[in-house]
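Take a look at the structure set out below.
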Amino acid sequence: MGCPISKRSAAAASAPSEKLHHQPPSERTRIPPALSPSDASTWPTWLLSVAGDSLLGWNPRQADSFRKVAKIGSGTYSNVYKAWDVEAGRMVAMKKVRFDVVEPESVRFMAREITVLRRLDHPNVVRLEGIAISRVSSALYLVFEYMEHDLTGLAAAPGVRFTEPQVKCYMKQLLSGLEHCHSRGVLHRDIKCSNLLLDNEGILKIADFGLASTFDPDHKARMTSHVVTLWYRAPELLLGATNYGVGIDLWSVGCILAELLMGKPVFPGRTEVEQLHMIFKFCGSPSEKYWKNSKLRHATIIRPKQNYTRCVRETFKELSHSSLSLIDSLLALDPADRGTATTALNHQFFTTEPYACDPSSLPQYPPSKEMDAKLREEARRQISVSRKGNSEASRRSSVRKCNSRAVPAPEANAELQVNLERMRLMMTHINMTSKSEKFPPPHQDGAVGVPSNGLMSFAGSDTSFASYSGRGLIASKEEPRTEEHGLRRLLEIKRNRRVHGTKRKELVALGSVKHNS
Ligand SMILES: Nc1ncnc2c1ncn2[C@@H]1O[C@H](COP(=O)(O)OP(=O)(O)OP(=O)(O)O)[C@@H](O)[C@H]1O
């Protein structure tokens, strides 16, 4: 009685584990038919220079062969639109990626997303169907199959509470997709509910590979620890690990499993220190051996004074034995104890009753996205504030209510957003030539005309995003430095000093360090 999709996935999983990251993309990727338009022109040279291999066999689509229908998502690095593919006569999702053609680092990050997506081909991973370029600007759109929902939007929709068979169905698909990513040498590094898309047939697909990275388990390379949305971030990342593996994605899966079953996020921390504290309170303080072996960068400053006993089973006592057991192993402090996506798929959670329901038996929901959930939440907050005369008491109660149900998590790098904003201001302040153009406020994807037919054209209206470079700080430790990084690095150092100061204050508040130490 398992999900048919999972059976397909299990078949894929039983194939010998592929290390495809050693093969050129052209040998390992199927070229979707949607990518062979008759009016294909050539790729811009700047794109060929960074993503040439990944573009082999593909022709660019022209942005003006799509019609914008609506904006359906906005993230740290992109705006996402529902759009009508005029040539193919079907709906697609177009992700307009922010980058700056004259900033090599931002272009490399954008290219990395393309490269990673082209390694993947699985029913539970969103499929990159093509890339559209603009005739009039350097704007670039990643074209995906259109998905009606994301899991944040769905979980937060009024009246929606998932049953155990439904949760099993989603988890089976999530783990199957993740198993595929890991077998192809890809770490997602931002698994969260808003990055899990769902269609009306109940099929779940992992999306948003903007922070994903390739890895080789046999030759671990240094990677940045500034990845994954705070609420879903593994403890080793919070402690500054740079040498990590599939365990970080499995931790996020554990958080999602608990969230779906409990109806609210398990670790809704506001800062990195608070996040870690919440984790230790729940999972127990790490052993002496953990601290000794981990050699993690922030271990000495963040190590809490209190000794906590693990209370996973007490906290989730109303859950079934098999659910509890899977949560317990995915939320292991030691990444080695979390197992792999494959071991999770073989867990008794999936082999004991009640079994996962069939995706096609899931209820049909009205379209719901994280963006809708955010808008609903904002509208509810506004009403509550105006009713209660904007008093402090009403604000507090609104925050409490907000935390008591599935709510959109802050962005993967929410902490960095503030700094980016500050950086933009500083850039303008020090009067760098046309920098104000290069760093427009996030999500101001303006200049989009709305014709009377309600559809917005992509032609000639898409210059704003192509000039933003926000991804640099996230993974800067992995990337070779360029001259242009001088200033950015300087700003980052200032930021770190400030963050360190903030962290210290929090640590004092949490009793981890002495006031005068
Ligand atoms: N293929 C798709 N079909 C439908 N909606 C989509 C699709 N891809 C993305 N979206 C919507 O757009 C939102 C943002 O997309 P995505 O996560 O890829 O962008 P991002 O800029 O990396 O976001 P974030 O910073 O939140 O991680 C998603 O949460 C989802 O609601």
7 Å from Cα along Cα→Cβ at both H219 and Q364: what's the point-to-point distance in nm?
5.2
How do M171, M278 line up, fewest other C-beta atoms within 10 Å first?
M278, M171
Counting other Cβ atoms within 10 Å of each Cβ, which trypsin sites (Lys or Arg not before Pro) in the range 136-234 have at most 14 and sit in a DSSP loop?
R161, K220, R222
How far apart, in nanometres, would the label points at N200 and K71 be if each is projected 7 angstrom from Cα along the Cα-to-Cβ direction?
2.6
The range 42-127: C-alpha gyration tensor shape, a/c 1.5 cut-off, then a/b vs b/c:
rounded
Mean separation of Cα contacts under 8 Å (6+ apart) over length of the range 205-300, as relative contact order %:
28
If R0 = 60 Å, then Q348 and Q382, at their Cβ-Cβ distance, give a FRET efficiency to the nearest 0.05 of 0.85
Residue-span extension gain [R313 to Y290] - 0.36 nm each, minus C-alpha spacing
6.1 nm
Name the shape class, rounded, prolate or oblate, that the alpha-carbon gyration tensor gives for the range 113-253, where a ≥ b ≥ c are the square roots of its eigenvalues, rounded holds for a/c under 1.5, and otherwise prolate holds if a/b is larger than b/c and oblate otherwise.
oblate
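Each reported figure results from applying straightforward, stated rules to the coordinates on display, with no laboratory input. All values derive from a computational prediction rather than experimental measurement. Note that each Cβ is placed from the backbone with ideal geometry, even for glycine, and that neighbours are counted across all protein chains shown.
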